[in-house]
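Engineer: Take this structure, written in structure tokens, and hold onto it; I'll ask about it next.
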Amino acid sequence: MSKLRVLFIGGTGVISSACAREAVGGDHDIELFVLNRGQSATHPLPAGVRELRADVRNATAVREAVAGLDFDSVVDFVAFTTDHVRADLDLFRGRTGQYVFISTASAYQTPPARLPITESTPLRNPYWQYSRDKIACEDLLVAEYRERGFPATIVRPSHTYDATKTVLSGGWTSLARMLAGKPVIVHGDGTSLWTVTHNTDFARAFVPLLGHPRTLGEAFHITSDDVLTWDQIAYALGSALGVAPRLVHVPSEVIAAHDPEWGAGLLGDKTHPAVFDNAKVKSVVPGWHAVIPFERGAREIADWYLADPARQVVNERLDALMDKLAAGYGVA
């Protein structure tokens, strides 16, 4: 039997790099092509990948890069608007047996009316444009599947991380504040339930979906079953750094008033509880479950940042804002 021919558009992000490693390093019998502008120093492509170089927003360049190639599965990790998806439709219609769109779990009803979240939870996010754009992409692909039989599969990651992503808002700035003994901002009261998923756990569920006939026309989310509060996330990172962080709880609305960009990601996603039922993906990938608890992931994060001072870049504007927010709640 010939290998499954798969194209990743992207391939060097947190999620896509783990999927690339799993595709060529696991027992999947996949010939993997990756289309992007070039290698990433942080997430290099594994050996065995066939690289195709092009700017994914240049339709002519992409067409030339994939000339003469058909695929069993095409995965777009970097499609964020309907224009991006329409470009893929124009290029890959009739040239792939499956088109996988990487959406987002923040597309689900926000705030959720009931938990756990399943794939039948309505899609609606009035707070975050990023999520609304992803919903529009999903709507386009569902219509293409229904009306023309386009072989679309939708996958919704939730908060997926690796050693390079701190999970806690603020990135290294928040970790540097922990190490310095400065107050660390946690939105809300710190008790909202949240699900974080290691990228290797995601990849082990994702890659078996490629070329799978029972995924066409379907949507799946892939998340851990390990649920923590935001305080637990912050304390796990502090423990990994060898410190006891001083947490200050600030309402998400207050943060949004001071920093609309930070606030959009909170009000449109992180403020609200996110607990998922993964039964659907487990029914298609029997035996899969996430195995990496965040406490282990937190140690990976701490080790990665502490290993290289060049990674320890404090955002001075954000650091000053965090000081201001903490002071507003009586903490200096």
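The values are calculated or read from the model by the stated rules, or taken from the named source; none is laboratory data. In this text the structure is predicted, and so the values were computed from the model without any measurement. Virtual Cβ from ideal backbone geometry, glycine too; neighbours counted across all protein chains shown.
Engineer: Among the residues of segment 73-118, which ones are β-branched (Val, Ile, Thr) and either closer than 16 Å to PRO157 by Cα or surrounded by fewer than 21 Cβ atoms within 10 Å (Cβ to Cβ) (or both)? Show your work before the answer.
Structural biologist: Initial filter on segment 73-118 (β-branched (Val, Ile, Thr)): 74-75, 78, 81-82, 85, 96, 100, 102, 104, 110, 117-118.
VAL75, VAL78, THR81, THR82, VAL100, ILE102, THR104, THR110, ILE117, THR118 - these are the residues of segment 73-118 that are β-branched (Val, Ile, Thr) and either closer than 16 Å to PRO157 by Cα or surrounded by fewer than 21 Cβ atoms within 10 Å (Cβ to Cβ) (or both).
Engineer: Right, here's the next one. Starting from segment 79-101, keep only residues that are closer than 23 Å to ALA205 by Cβ and part of a loop (DSSP other than H, G, I, E, B), then list their pairs with residues that are acidic (Asp, Glu) and modelled with pLDDT of 95 or more whose Cβ atoms are within a distance under 7 Å, requiring at least 6 positions of separation or different chains.
Structural biologist: Short answer, once both residue conditions are applied: ALA79/ASP88; PHE80/ASP133; GLY97/ASP72; GLN98/ASP72.
Engineer: Now, a different point. Answer with yes or no whether ALA274 is outside any helix (DSSP H, G or I) and under 22 Å from the mean Cα position of the chain (by Cα). Full working, then the answer.
Structural biologist: Details: outside any helix (DSSP H, G or I): yes; under 22 Å from the mean Cα position of the chain (by Cα): yes.
When the stated conditions are applied, ALA274 passes them.
Engineer: Restricting attention to segment 1-17, which residues are in contact with a strand residue (DSSP E or B) (Cβ under 9 Å, 6 or more places away or on another chain) and within 15 Å of VAL100 (Cβ to Cβ)? If you could, list the steps in order and put the result at the bottom.
Structural biologist: To start, the set of residues in segment 1-17 that are in contact with a strand residue (DSSP E or B) (Cβ under 9 Å, 6 or more places away or on another chain) comprises 2-12, 14-16.
Residues satisfying the conditions are LEU4, ARG5, VAL6, LEU7, PHE8, ILE9, GLY10, GLY11, ILE15, SER16.
Engineer: Still on this structure: Sort out which residues of segment 104-157 are hydroxyl-bearing (Ser, Thr, Tyr) and part of a helix (DSSP H, G or I), and write them in order of number.
Structural biologist: Going residue by residue through segment 104-157, those that are hydroxyl-bearing (Ser, Thr, Tyr) are 104, 106, 108, 110, 118, 120-121, 127, 130-131, 145, 153.
Passing the criteria: SER106, TYR130, SER131, TYR145.
Engineer: Can you find, within segment 14-35, the residue that is surrounded by the most Cβ atoms within 10 Å (Cβ to Cβ) among those that are aliphatic (A, V, I, L, M) and more than 10 Å from ALA203 (Cα to Cα)? Break it down stepwise before answering.
Structural biologist: Step one: filter segment 14-35 for residues aliphatic (A, V, I, L, M), giving 14-15, 18, 20, 23-24, 30, 32, 34-35.
The next check asks that each one be more than 10 Å from ALA203 (Cα to Cα); those that pass are 14, 24, 30, 32, 34-35.
Details: VAL14: 18, VAL24: 20, ILE30: 21, LEU32: 28, VAL34: 26, LEU35: 23.
Filtering first and then ranking leaves LEU32.
Engineer: Here's another thing I want to ask about it. Which residue, of VAL227, VAL196, is surrounded by 21 or more Cβ atoms within 10 Å (Cβ to Cβ) and either in contact with a strand residue (DSSP E or B) (Cβ under 6 Å, 6 or more places away or on another chain) or not assigned by TED's automatic domain parsing to the domain that holds TRP304 (or both)?
Structural biologist: Of the residues listed, the single one that is surrounded by 21 or more Cβ atoms within 10 Å (Cβ to Cβ) and either in contact with a strand residue (DSSP E or B) (Cβ under 6 Å, 6 or more places away or on another chain) or not assigned by TED's automatic domain parsing to the domain that holds TRP304 (or both) is VAL196.
Engineer: Consider only pairs whose beta carbons are under 9 Å apart and that are at least six residues apart or on different chains; among these, list those whose first residue lies in segment 185-208 and is touching a residue at least 12 places away in the same chain (Cβ under 8 Å) and whose second residue is part of a strand (DSSP E or B) and of a type in the set (Phe, Trp, Tyr).
Structural biologist: Partner pairs satisfying both residue conditions: THR195/PHE276; VAL196/TYR161; THR197/TYR161; HIS198/TYR161; ASN199/TYR161; ALA205/PHE220; PHE206/PHE220.
Engineer: Still on this structure, I have one more. Give the residues of segment 286-324 that are in a helix (DSSP H, G or I) and of a type in the set (A, V, I, L, M, F, W, C), sorted by residue number. Steps first, please.
Structural biologist: Initially, segment 286-324 is screened for residues in a helix (DSSP H, G or I), giving 294-306, 309-311, 316-324.
Within segment 286-324, PHE294, ALA298, ILE301, ALA302, TRP304, LEU306, ALA310, LEU318, ALA320, LEU321, MET322 meet the criteria.
Engineer: Hey, another quick one. For ARG177, indicate whether it is surrounded by fewer than 20 Cβ atoms within 10 Å (Cβ to Cβ) and either within 15 Å of the chain's Cα centre (by Cα) or farther than 28 Å from LEU32 by Cα (or both). Give the steps one after another, and end with the answer.
Structural biologist: On the way: surrounded by fewer than 20 Cβ atoms within 10 Å (Cβ to Cβ): no; either within 15 Å of the chain's Cα centre (by Cα) or farther than 28 Å from LEU32 by Cα (or both): yes.
Here the answer is no, as ARG177 does not meet what is asked.
Engineer: Given the criterion of a type in the set (Gly, Ala, Ser), surrounded by 20 or more Cβ atoms within 10 Å (Cβ to Cβ) and part of a loop (DSSP other than H, G, I, E, B), identify the matching residue among GLY48, GLY11, GLY38, GLY68.
Structural biologist: On inspection, the qualifying residue turns out to be GLY11.
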